[in-house]
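What follows is a short report on a single structure.
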Amino acid sequence: KNEVEQSPQNLTAQEGEFITINCSYSVGISALHWLQQHPGGGIVSLFMLSSGKKKHGRLIATINIQEKHSSLHITASHPRDSAVYICAVLRGGSARQLTFGSGTQLTVLP
Amino acid sequence: DAGVIQSPRHEVTEMGQEVTLRCKPISGHNSLFWYRQTMMRGLELLIYFNNNVPIDDSGMPEDRFSAKMPNASFSTLKIQPSEPRDSAVYFCASSRPLGGGVGYTFGSGTRLTVV
């Protein structure tokens, strides 16, 4: 079993829909990242969070440390949101490397 | 700040040739990471440096791969000799010191094709 599991693997939505991507992890972490990767593009860090909730524009990220679960929400989705969204956890302690989920391919249709 | 700068953006080389990928981290970031991304395996950590010292190179696939960080502003990842299965996108990332947050910044990646 992977230490970081994302669901769904693929998601197709109509423009304007509310989108949720989930991430569950099985290890102790000090922080969790949500990353965005556009086709042929680089990786952008959207959020880093260790508790509670963060909001940036139409994006909202939440984390429940007790349940080892995080969600990324996109409100009023737009075709330009189409990308791969990757959950990555930073382990607790002094280890600095990220452990990545396999990503969720989001396609928003006009 | 220009962000994490990687070069080249694209590299096409013949099997057996030496390939050198370059990375300039963000000034003030003391940790640097090399990742490889393939369709089959997703993102994998190859090696990371803390204060220019290699901390964990357990992800380096084999002796053909080597990485150096001669100073705080530059790192290289070298593959010699290259093989077709090395074809992937290689990302460099840097992060701030512990206690100053753990935000990561990724470079744009180098797409390597070995033919």
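Some notes on this structure:
- Springs between Cα atoms under 10 Å define the GNM used for chain A, and in it the highest mean-square fluctuation of A:Q36, A:Q97, A:Q14 occurs at A:Q97.
- Here the range B:1-100 is assigned +1 on the Cβ of each Lys and Arg and -1 on the Cβ of each Asp and Glu. Its dipole about the Cα centre then comes out at about 300 debye.
- Normalised contact order of the range B:2-115, rounded percent, pairs of Cα under 8 Å and 6 or more residues apart: 37 percent
- Proximal charge balance of A:G41 [Cβ under 15 Å; K/R count +1, D/E count -1]: +2
- Point-charge dipole on Cβ atoms (K/R +1, D/E -1) for the protein assembly as shown, about Cα centre, debye to 20: 520 debye
- For chain A, the dipole from Cβ point charges (+1 on Lys and Arg, -1 on Asp and Glu) about the Cα centre works out to 340 debye, to the nearest 20.
- Order of B:T20, A:T104 - criterion: other Cβ atoms within 10 Å of each residue's Cβ, fewest first: B:T20, A:T104
- The alpha-carbon positions of chain B define a convex hull whose volume is 94 Å³ per residue.
- Relative contact order of the range A:17-90: 43 percent, from C-alpha pairs under 8 Å at least 6 residues apart in sequence.
- Taking a straight Cα-Cα cut-off under 25 Å and skipping sequence neighbours fewer than 8 places away in the same chain, the lysines within cross-link reach of B:K78 are B:K24, B:K68.
- For the range B:1-53 and the range A:40-110, distance of Cα centres in Å: 22 Å
- Divide the volume of the convex hull around the Cα atoms of chain A by the residue count and you get 96 Å³ per residue.
- In plain terms, the residue of B:V4, A:V27, B:V114 with the fewest other Cβ atoms within 10 Å comes first and the most crowded comes last, giving A:V27, B:V114, B:V4.
- Order of A:I65, A:I86 - criterion: other Cβ atoms within 10 Å of each residue's Cβ, fewest first: A:I65, A:I86
- Note that the protein assembly as shown, at 37 °C in a medium of 0.692 mPa s, gets a Stokes-Einstein diffusion coefficient of 181 µm²/s from its Kirkwood radius over C-alpha pairs.
- Note on A:K68: aspartates and glutamates with a C-alpha under 15 Å away, same-chain residues under 8 apart excluded, are A:E3, A:E5.
- Only aspartates and glutamates eight or more places from A:K54 in sequence, or on another chain, were considered; none has a Cα closer than 12 Å.
A short reminder: the numbers here are calculations on the coordinates, not readings from a lab. A quick note: this is a predicted structure, and the numbers were derived from the prediction, not measured. Note that we place each Cβ from the backbone using ideal geometry, even for glycine, and neighbour counts take in every protein chain shown.
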